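K.L.:
Here it is, the structure, as C-alpha cells.
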Amino acid sequence: MTATVPDSAAKLPEGVALRTFSGIQPSGVAHLGNDLGAIRNYVRLQDEYEAIYCIVDYHALTSTHDPQLLRTNTRDMAASLLALGLDPERCTLFVQSHRPEHTELAWLLATVTPVSWLERTPTYKEKRESQPDDINHGLLTYPVLQAADIVIYKASLVPVGKDQAAHLELSREIVRSFNNRYGETFPEPQAVFTDAPTVIGTDGVRKMSKSVGNTIEVLAAPDVIRKQVTSMVTDTQRILRTDPGRPEGCNVCQLQRFFGDDYEELWDGERTARTGCVDMKRLLAERIVAHYAPARERYLELMAHPERIDEILAAGAERVAPWAAETMAEVREKMGLR
Ligand code: AMP
Ligand code: TRP
C-alpha cells in the first residue's frame, strides 16, 4: 500500500525529510509474519522517506533475562533485516540501547501518561497472563518507551503489523498529552500496514509468533521451512481428499496470495477438489523456499562476518545521535529542565 502523508507531518522543521520509524524485538531470526506484516514495508519506505529502524533490546528485557541469548538474538535480527532488504545506504539501522536518550525521553513522557492508559493496554493484560511470575514494571511502561522511540526522531509514519495498532494509538495519545501541556512539539505518528496485517501461524488459529511456536522461519534451511509448512493446519472442515476445499478458511491458501499471481487458479483447484491440501502445502513450501533463497544467502554471508553487522549497527547509532540530541534539547527546554 502507498503511505499517505499525514497532516502532522507539517510539524516537522522546514527542510527536514519526512521520517519513518519502526522497532522490532530481537527475538532471533525473522518469521513470515514479521516479513509479510511489517518488514516488507520497512524495505519499501526506505526509498520514500528518511527511514530509521531499531532493534529494541530494552523492550526485550521485559521478557528475556538471558544476557547471552539477548546478545546473539540482537545480531541475528540485524542480519535478518539486512538480508531481507534493509540497505544501510538507504536507511539507518541501530540498536535501541546504543541510544540511551530513548529511555530519558520515556521518563519524561511517563510524566504525561496516566497509569490507567497503560493498565488497559491489551499487550500488558496478555503478558500478565503469559508471565504471571514476572509482571515487572517494564511491561507496564513498555508503550511509553515505544512512544519515545518514535517521537525522539519526530517520525510521522510507523510500519507495523496489526498487533501494534493499540500501541500506536497510545503513542498518539501520549503525543497529544505532551503537546497540550508543553506546546506543539511532536507529530502524531501514524501506523502503516501491509496487505497482510495479521499473518496466522502454522496452527491455523493464532497470530504467527515466536513465543507461540507456530512460525515459518523464512531464513532457515529449506528443510526446516518444508517441515514447518507441512505442519500447517488447513481447512478443518475438509475431511476427505474428495471434499471441496474452502480457500477463504484455509491458511495455506491465504498465504499462496503472497507467493505467485496464480492463486485464484489454485483456489479453484481446491474448491473443485482437483487438488488436495498436501499438494497445496508442497507448492507453498517450495515457493517460500525459492522466494527467500537469495535472502538466506545474504543472511549466511553476514553471519559469517559478524564484525560487518556490528559496524553497520554502530554507524546507525552514530547517525541518529544528532537527531536524538536535538529533540532532547528542545524537550528539556520546554519542560523546564536546566
Ligand atoms: P515483534 O517480533 O513482535 O517485534 O514484531 C515485529 C514486527 O512484525 C511488528 O511490526 C509486528 O506488528 C509485526 N508482526 C509480528 N508478528 C506478526 C504477524 N503474525 N502478522 C503480521 N505482523 C506481525
Ligand atoms: N512493540 C513493538 C513490537 O513488539 C516493538 C517496538 C518498540 C516498536 N518500539 C517501537 C514498533 C516503535 C514500532 C515503533 O513489535
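The values are calculated or read from the model by the stated rules, or taken from the named source; none is laboratory data. A quick note: this is a predicted structure, and the numbers were derived from the prediction, not measured. Cβ atoms come from the backbone with ideal geometry, glycine included; neighbour counts cover every protein chain shown. Protein only, heavy atoms only, side chains kept; ligands, DNA and RNA dropped before computing areas. Shrake-Rupley method; radii C 1.70, N 1.55, O 1.52, S 1.80 Å.
K.L.:
Run down D203, D243 and say which single residue is at pLDDT below 95 and open to solvent by 20 Å² or more (accessible area, probe 1.4 Å).
P.N.:
Details: D203 fails: at pLDDT below 95.
Exactly one of D203, D243 is at pLDDT below 95 and open to solvent by 20 Å² or more (accessible area, probe 1.4 Å), namely D243.
K.L.:
Considering only the stretch 246-275, how many residues are open to solvent by less than 40 Å² (accessible area, probe 1.4 Å), in contact (Cβ under 8 Å) with a residue 24 or more places away in the chain, in a helix (DSSP H, G or I) and closer than 23 Å to T194 by Cα?
P.N.:
Count: 6.
K.L.:
Tell me, which helices (runs of 4 or more DSSP H) lie completely within the stretch 71-164 with 1 or more residues that are crowded, with 16+ Cβ neighbours inside 10 Å and within 12 Å of ligand 2 (Cβ to nearest atom)? Give the derivation first.
P.N.:
Working: elements: 101-110, 115-119, 122-130, 137-151.
It comes to 101-110, 122-130, 137-151.
K.L.:
With R274, R282 as the choices, which residue is over 19 Å from L93 (Cβ atoms) and modelled with pLDDT under 90? Can you show your working first?
P.N.:
Numbers: R282 fails: modelled with pLDDT under 90.
Within the list R274, R282, the selection yields R274.
K.L.:
Something else about it: Which members of the stretch 277-292 meet the condition of being under 16 Å from I239 (Cβ atoms) and surrounded by fewer than 18 Cβ atoms within 10 Å (Cβ to Cβ)?
P.N.:
V278
K.L.:
Additional query: Could you go through the stretch 172-179 and let me know if any residue there is β-branched (V, I, T) and either farther than 28 Å from K125 by Cβ or in a loop (DSSP other than H, G, I, E, B) (or both). Even if it seems obvious, please write down each step before you answer.
P.N.:
Step one: of the stretch 172-179, the residues β-branched (V, I, T) are 174-175.
Narrowing the set further to residues that are either farther than 28 Å from K125 by Cβ or in a loop (DSSP other than H, G, I, E, B) (or both) leaves none.
Scanning the stretch 172-179 turns up no residue that is β-branched (V, I, T) and either farther than 28 Å from K125 by Cβ or in a loop (DSSP other than H, G, I, E, B) (or both).
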